[in-house]
Ligand SMILES: [Zn+2]
């Protein structure tokens, strides 16, 4: 899967936008991204039915390109999640 042409953090609306190379722009709420964190810690919590409490106004502090996706650093200190492009594209 190709990387998006642009990944932008929108602090005011607490969303991330991804502009794909077909010209479509996808918007994802920060809280949704945090909730869907694919790291092993969050996956384990989800499987045990005790998902972490997500602040509804959680902010994105940093986005690090990782080639096949991005690592997202959240304001609650969580930064383990690396989101592959196809995973992000699949988040409605
Ligand atoms: Zn996580």
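Remarks
- Against the list (1) closer than 20 Å to residue 66 by Cα; (2) in contact with a strand residue (DSSP E or B) (Cβ under 9 Å, 6 or more places away or on another chain), the condition residue 13 fails is (1).
- Qualifying helices (runs of 4 or more DSSP H) (wholly inside the chain; at least 2 residues being free of Cβ contacts under 8 Å to residues at least 40 places away in the same chain and within 16 Å of the ligand (Cβ to nearest atom)): 30-35, 40-47
- The set of residues from segment 18-43 being within 10 Å of the chain's Cα centre (by Cα) and within 16 Å of residue 90 (Cβ to Cβ) comprises 28, 29, 32, 33, 35, 36, 37, 38.
- When restricted to residues that are farther than 13 Å from residue 61 by Cα and surrounded by 12 or more Cβ atoms within 10 Å (Cβ to Cβ), segment 6-26 contains 7.
None of the figures in this text is laboratory data; all of them are computed from the coordinates on show. Because the structure is predicted, anything quoted here is derived from the model rather than measured. When we count neighbours, we look across all protein chains shown, and the Cβ atoms used for this are built from the backbone with ideal geometry, even at glycine.
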